[in-house]
């Protein structure tokens, strides 16, 4: 499966090496941030200027969580826009709204879909392991529902979305929300989601699994999961759930050159088999993080437009 030729050419011309993995989470975050800062201006699309409102949400038993709201326009009295919670990727241990690509995508999706994007700045592992980020996500959902009127949001038109490990958190949140009583969720959007943390690459049935990838996954899981955690718990590995009833419709994006693409494919099939409307889109020629490079790849740009179209269904 060859990589997108335009993307390969653009990356080669930039000459920026991929960040070296390290067992130091602080260094890992710094290297990931520096890599994105080096490549995003050339390969990514900037976001439009949109109104941004920052809030801090209390989380009983866990650190407070910052939530940044990206509005398509300044909220007006009496208006009520759909809202979609967003969880960025980064292996549960890096990433954030200080990354230009994350902020740009949130702003563009808010503006083009006409929805409020509520980006959840969850606490990172290993300093804050599971279930901190998931509990923060649930608290953010409760807060959006509770404060919807003041925020200019429509509490009956709420979606959740996430990228990579953020896709795991978004999917786990739909399960947790259902099990705790069920706020109304109208949509889940999962981009290149990491949905099976059992650390069994053989079950992925992918030839691209390498010793280096296995080592990377093992490190991320060691940071994210406390010792003795059940990796088959549906809140840890949503793909391992045995009951998918009551979950919201799903739009799932996978990348052809991504060794974990099978997670999203199987999750879409599991939802469909349970009678949950589920659509899946595979990005031909793109790697795991290829959706970030919308300036360099027409496929990535088309994927971004497809996600905007999915967000617009919150208006239906």
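Values quoted throughout were computed directly from the atomic coordinates according to the rules given, and no laboratory measurement underlies them. The model shown is predicted, which means the values in this text are computed figures rather than measured ones. Neighbour counts are summed over all protein chains in view; Cβ atoms, including those assigned to glycine, are modelled from backbone coordinates with ideal geometry.
Among 231-242, 255-266, 70-81, 166-177, how do they line up from the highest to the lowest mean number of other beta-carbon atoms within 10 Å?
Per-residue mean Cβ counts within 10 Å order the peptides as 166-177, 255-266, 231-242, 70-81.
Of 197, 217, 286, which has the largest mean-square fluctuation in a 10 Å C-alpha GNM of the chain?
217
Once a ≥ b ≥ c are taken as the square roots of the eigenvalues of the Cα gyration tensor of the stretch 177-316, is the result rounded (a/c under 1.5), prolate (a/b larger than b/c) or oblate (a/b not larger than b/c)? Please report the intermediate quantities before stating the final value.
Values: a/c = 1.90, a/b = 1.06, b/c = 1.79.
Oblate is the answer for the stretch 177-316, as a/c is 1.5 or above yet b/c matches or exceeds a/b.
Using only DSSP helix segments of four residues or longer, with each worth -39500 (n - 2.57), what per-residue ellipticity at 222 nm results for the chain after dividing by its residue count and rounding to 500?
-12000 deg cm²/dmol
Which of these, 55, 288, 128, has the largest mean-square fluctuation under a Gaussian network model of the chain (Cα springs below 10 Å)?
55
For percent of Cα pairs over 28 Å apart, which listed value, (1) 49; (2) 31; (3) 34, comes from the coordinates shown?
Step by step, percent of Cα pairs over 28 Å apart for this structure corresponds to label (3).
Taking a label point 7 Å from the Cα of residue 229 along the Cα→Cβ vector, which residues of the stretch 12-51 have an amide N closer than 18 Å to it?
Backbone N within reach: 23-26, 29.
Which whole-number percentage describes the relative contact order of the chain, with Cα contacts under 8 Å and a sequence gap of 6 or more? Don't skip to the answer; put the middle values down first.
Working: 639 pairs, mean separation 60.2, N = 316.
So the answer I get is 19 percent.
Taking each pair of different alpha-carbon atoms in the stretch 1-125 once, compute 1/r for the pair, average those values, and report the inverse of that mean as the Kirkwood hydrodynamic radius in Å to one decimal.
Value: 16.4 Å, from the Cα pair sum.
On average, how much area does the Cα convex hull of the stretch 71-117 cover when viewed from any direction, in nm²?
Averaged projected area of the stretch 71-117's Cα convex hull equals 3.6 nm².
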